[in-house]
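Student: What follows is a single structure, and I will ask about it in a moment.
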Amino acid sequence: MTNHNGIEQTDVLVIGAGPAGTVAASIIHQAGFQVRILEKQQFPRFVIGESLLPRCMESLQAAGFLEAVEKMNFQKKYGAKFVRGSEVCDFNFSENFTPGWTWTWQVPRADFDQVLATEVQRMGVPVEFQTEVTDISFFPDHSITQFRRPDGTLHAVKAKFIIDASGYGRVIPRLLDLNTPSHLPSRTAMFAHIQDSQPRTDSEQNRITIVLHQRDVWIWIIPFSTGITSVGFVGDPDFFQTYTGTPEEQFRSLMATNPIVQDRFQDSAFVLPPQSLTSWSIGTKQYYGNGYALAGNVTEFLDPIFSSGVTLATVSGELCARLACSQLNGEQVNWQSEYEDVLNEGIDCFRSYVNAWYDGHLQDIFFADKPMLSIQRQICSVLAGYVWDKTNPYVRQHARSLLSLARVLQGEQNASD
């Protein structure tokens, strides 16, 4: 819709067509409001975050996306396996403490994000690709967003509310100076897609495998249904400085240092050439303001170790959309307590597990000689993305519970020695 001044109009403008943006747009559209999406890039496009968590299935279902995704025949994921030398800790999502989904998918994100964007368009939501937001002016009851279409022409859209799901683009945090340093140290990921030339066992095919390479360096192995596997090394940036040459030479040298990866992929071809990503973690001063809210990675992206990215994106997109609809319906919304505080509960829980992984406490828990089944189930629920279940002590008191358990296990180990 365009008004008499030539400015286009919508109830809600969504910036970004990734999982957070498309989930939000679908829910707003279902509620009967006008919504449109502006996306800077052309889809399909590559992005990391290829191993989903069961919790995100609830948001995909709420958005009406499950049937379309199911038709893509992505690899189903039933758990997560952690390997340290000859030790194996295998979590099966069917053993979750929290009732909910017990499986999800492993997806090439270019294909996954494309099917979500295509499905939301099929529902009737306009999505404009290669369209860059250049400026936003906020007023008491609306905003005016300036944007550039692919042909270079400048346009404007008036909206009652904006959801910024721009991910790494961080449109509103950049425009309003909301970026803050992350609480996590800088890390580097070097990764590639590899043609898997060897037969896969079920435990290799239907779950993500995390291999501990060194105490603070780990490897992800994510098989897709296409016979291609995503492999990535994650660690301190200095770790990668000792590997020289072209990206392919560096990556093959990395693979040669780990027998699990080397044995499986030494003769395999690269489908996606090796590439690197550094210093991805960043925070945001606030998740909402007058006439806008942030969703997805634009709030805070943590670390890929527990595949939390798409879950935080879809859950925040769903919650943000529902609250925006309530506000548009004239209801009072407390964005601090109903949105930012809720999101931070999940983010803080994941952050505790990320920190515990890198300081070694979680590794000690995973590879304990005599793991307790009840505790395994509670931790398994966190790994499945159920980080808002306060009935789970390993969610309710995440940092304290992990540290206490690690100390108990360490004491038992010392006693046995």
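Student: Which residue, of Val261, Val271, is part of a strand (DSSP E or B) and of a type in the set (Val, Ile, Thr)?
Tutor: Step by step, each of Val261, Val271 is checked, and only Val271 is part of a strand (DSSP E or B) and of a type in the set (Val, Ile, Thr).
Student: Suppose we keep only residues that are of a type in the set (Ser, Thr, Tyr) and in a helix (DSSP H, G or I) within segment 301-315. Which one would you say is surrounded by the most Cβ atoms within 10 Å (Cβ to Cβ)?
Tutor: Out of the qualifying residues, it is Thr314.
Student: Looking for something touching an Asp or Glu at 6+ places or on another chain (Cβ under 8 Å) and modelled with pLDDT under 95 - is there at least one such residue anywhere in segment 204-212?
Tutor: Looking for residues that are touching an Asp or Glu at 6+ places or on another chain (Cβ under 8 Å) and modelled with pLDDT under 95, one finds none in segment 204-212, hence no.
Student: Counting only residues that are touching a Lys or Arg at 6+ places or on another chain (Cβ under 8 Å) and closer than 24 Å to Phe46 by Cβ, which one in segment 180-203 is modelled with the lowest pLDDT?
Tutor: Going through the qualifying residues, I end up with Leu184.
Student: Identify all residues within segment 185-235 that are over 22 Å from Cys89 (Cα atoms) and surrounded by 15 or more Cβ atoms within 10 Å (Cβ to Cβ); write none if there are none.
Tutor: Residues satisfying the conditions are Arg187, Thr188, Ala189, Met190, Phe191, Ala192, His193, Ile194, Asp196, Ser225, Thr226, Ile228.
Student: Which numbered condition in (1) surrounded by fewer than 17 Cβ atoms within 10 Å (Cβ to Cβ); (2) out of contact with any strand residue (DSSP E or B) (no Cβ under 8 Å at 6 or more places or on another chain); (3) more than 20 Å from Phe350 (Cα to Cα) is the only one that Arg252 fails?
Tutor: Of (1) surrounded by fewer than 17 Cβ atoms within 10 Å (Cβ to Cβ); (2) out of contact with any strand residue (DSSP E or B) (no Cβ under 8 Å at 6 or more places or on another chain); (3) more than 20 Å from Phe350 (Cα to Cα), only one is false for Arg252: (1).
Student: To continue, here is another question. Name the residue, out of Gly289, Gly283, that is within 25 Å of the chain's Cα centre (by Cα) and either modelled with pLDDT under 95 or hydrophobic (A, V, I, L, M, F, W, C) (or both).
Tutor: Residue meeting the stated conditions: Gly283.
Quick grid of which residues meet (1) hydrophobic (A, V, I, L, M, F, W, C); (2) surrounded by 20 or more Cβ atoms within 10 Å (Cβ to Cβ); (3) without any contact (Cβ under 8 Å) to a residue 24 or more places away in the chain; (4) more than 19 Å from Ile48 (Cα to Cα):
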site: Gly317; (1), (2), (3), (4): no, yes, no, no
site: Ala321; (1), (2), (3), (4): yes, yes, no, yes
site: Asp341; (1), (2), (3), (4): no, no, yes, yes
site: Arg351; (1), (2), (3), (4): no, yes, no, no
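Student: Right, next: For Val342, state whether it is at pLDDT 95 or above, among the β-branched types (Val, Ile, Thr), in a helix (DSSP H, G or I) and out of contact with any Leu (no Cβ under 8 Å at 6 or more places or on another chain).
Tutor: no
Quick grid of which residues meet (1) crowded, with 23+ Cβ neighbours inside 10 Å; (2) on the phi > 0 side of the Ramachandran plot; (3) touching a strand residue (DSSP E or B) at 6+ places or on another chain (Cβ under 6 Å):
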| position | (1), (2), (3) |
| --- | --- |
| Val14 | yes, no, yes |
| Ala24 | yes, no, yes |
| Phe43 | no, no, no |
| Leu52 | yes, no, yes |
| Glu67 | no, no, no |
| Phe74 | no, no, yes |
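Student: Say we look at segment 163-185 and pick out the residues that are touching a helix residue (DSSP H, G or I) at 6+ places or on another chain (Cβ under 7 Å) and not in a loop (DSSP other than H, G, I, E, B); which of these is farthest from His29 (Cα to Cα)?
Tutor: Only one residue fits best here, namely Asn179.
Student: Can you work out which of the residues in segment 378-405 that are in contact with a strand residue (DSSP E or B) (Cβ under 9 Å, 6 or more places away or on another chain) and in a helix (DSSP H, G or I) is surrounded by the most Cβ atoms within 10 Å (Cβ to Cβ)?
Tutor: Ranking the qualifying residues of segment 378-405, first place goes to Ile379.
The values are calculated or read from the model by the stated rules, or taken from the named source; none is laboratory data. Here the structure is a predicted model, which means the values were calculated and not measured. No Cβ is skipped: glycine too gets one built from the backbone with ideal geometry, and neighbour counts run over all protein chains shown.
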